[in-house]
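One structure is given here, and the rest of the page talks about it.
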Amino acid sequence: MTARTPNDKLRDLIAESGLTYGALAKAVRAVAAECGACLRTNKSAVEHWISGTVPLGETSRYLAVVLSRRLGRLLTPADLGLPTAPGADDDTIGLSLGHDPLDALLPMWRYELDRRHFLTTSAYSVAAAALPLTHVSEIAARTAAARTGHTVGMAEVSAVRDMISAFSELDERHGGQHGRSALVTYLRDDVAPLCRARFRTDEIRQQMLSAASCGVHLLGWKSYDAGQQGLAQRYYLQSYALAAESGIPGHDGWVMRTMAMQGLKLHRPEHCHGLAETGLSHARGRVDAQSEALFRVVHAHTLAKTGKRRAALAESEQARALLAAAPGDAIEFWALAWGPPAAAVYSRTAKVHQTLGDHQAAAEHYALAAASRPAGTYARIVALDLVAGAEMHLKRGGVEQACVTWHRALDHMDGVRSVRTRKAVSRMRSDLARFRARGLRCAAEIDERARDFLTARR
């Protein structure tokens, strides 16, 4: 029997992390759960890995994510002294900001269309979340468009914007799982070649790269809605790279804002305030008032998350003041990703109040957000704002009002294919369990409807 060779690389990295074997095993289980897997890794398993045993299945990837988060730098299984299976996909694809974002996006799109699972089950990377903060000034001057026989003008830019708007409307009306492959194909076959074409003016090139960034951002949003957080992050990073290269004022900051929102949602706050604050600094005074309000309200949310109550409320108030200051101003194309700016500001303001423990104010702002979007166009997000409002009513003891609001939310969910809506309905049933047990009629009625909704979407 051949003796195993101890894994000194892994042993040294674990020692550098300061994690006990038990704590490391727990963190590996947590990352696996984020990716939809269930592991029973324990302290003994870690000891076996250090002695030379190779982790089974995807465990090496989860272990690399844990140590990357802990050490603040991106690590792969190879960095941990673990073998890479022949033909295995590169776990780091999309997790860097290179000279040309399309070099990362094209293989990502190929893997998406081939239904390769490693991207859709990838974990959120804390190390990668900081990348835009270290690349805020160097990307825009990097890559000139390649020369081709076709000259691109504003007509092509307008066509790309119209297509992305159509995909976005489909996404909002029916959920992120509708039209995703079609969007990947469109970006790969039509938009990517346009980004590498000859342009009539540098301004047109900037607008095309910005439009492409919006399309990649939407693909990230679709991944987010499908619960594929690691893949969403990779798309956001490449959307940021395209926006930064475009040089359009504020657009790179907009993607930073989105990345801050993702980190807040995932309870990974490490870089959220820095992203939101830097994004705001890129937009302040350079975009219209309503777009600036969108930056400020996310910045307010990060302030609330860091316990700065007074500053968070002041920033929220400033965002609302900007909404009222110039309601007729033209809004940046990229800032319309989530519909009317007022609705987005109300929804995020609700989250600020929720974070600060003011559930009544949060419920009021969620209601304002839902009422500020055309329900037919924005069915999913209206439903989710109503769900959040119902949860605020329940926290205040208003179970009847919560049930009424949940019924309204379910009214908007017909035809929507979204992991987030399914999770919201499952959460609703869990929140109502104690009221069903007491025989409360309104709780039993909404629970029956919720159960039918989930059964129909299995």
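Quick rundown of the values:
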read-out: Cα Rg, Dmax (largest Cα-Cα span) when computed across the chain, Å; value: 23.1, 78
read-out: Cα gyration tensor shape for segment 330-409, rounded if a/c is under 1.5, else prolate or oblate; value: oblate
read-out: Alpha-carbon centroid distance for the pair segment 381-400 / segment 41-63, whole angstrom; value: 43
read-out: For segment 383-458, alpha-carbon Rg and Dmax in angstrom; value: 11.3, 33
read-out: For the chain, Cys with no neighbouring Cys Cβ under 4.7 Å; value: Cys35, Cys38, Cys195, Cys214, Cys272
read-out: Calculated [θ] (222 nm, deg cm²/dmol) that DSSP helices of n ≥ 4 give over the chain, each run adding -39,500 (n - 2.57); value: -20500 deg cm²/dmol
read-out: Farthest positive-ward along the chain dipole, Cα basis, beta-carbon charges - from Leu39, Thr421, Ser181; value: Leu39
read-out: Charge dipole magnitude, Cβ of K and R +1, D and E -1 - segment 185-319, Cα centre, debye nearest 20; value: 280
read-out: Which listed pairs, of Lys43/Lys265; Lys26/Lys351; Lys265/Lys308; Lys222/Lys351; Lys43/Lys305; Lys395/Lys423, have C-alpha distances above 25 Å, in listed order; value: Lys43/Lys265; Lys26/Lys351; Lys43/Lys305
read-out: Magnitude of the charge dipole, the chain, Cβ model with Lys/Arg +1 and Asp/Glu -1, debye to 20; value: 1360
read-out: Average Cα contact separation per residue, the chain, under 8 Å, 6 or more apart, as relative contact order %; value: 11
read-out: Dipole magnitude of segment 324-458, debye to nearest 20 (Cβ charges: Lys/Arg +1, Asp/Glu -1, about Cα centre); value: 700
read-out: Span per principal axis, largest first, for the Cα atoms of segment 8-80 (Å); value: 28, 25, 21
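Bear in mind these aren't lab numbers, they're just calculated from the coordinates by the rules spelled out. Model, not experiment: these values are computed from the prediction. Backbone-built Cβ (ideal geometry, glycine too); neighbour counts: all protein chains shown.
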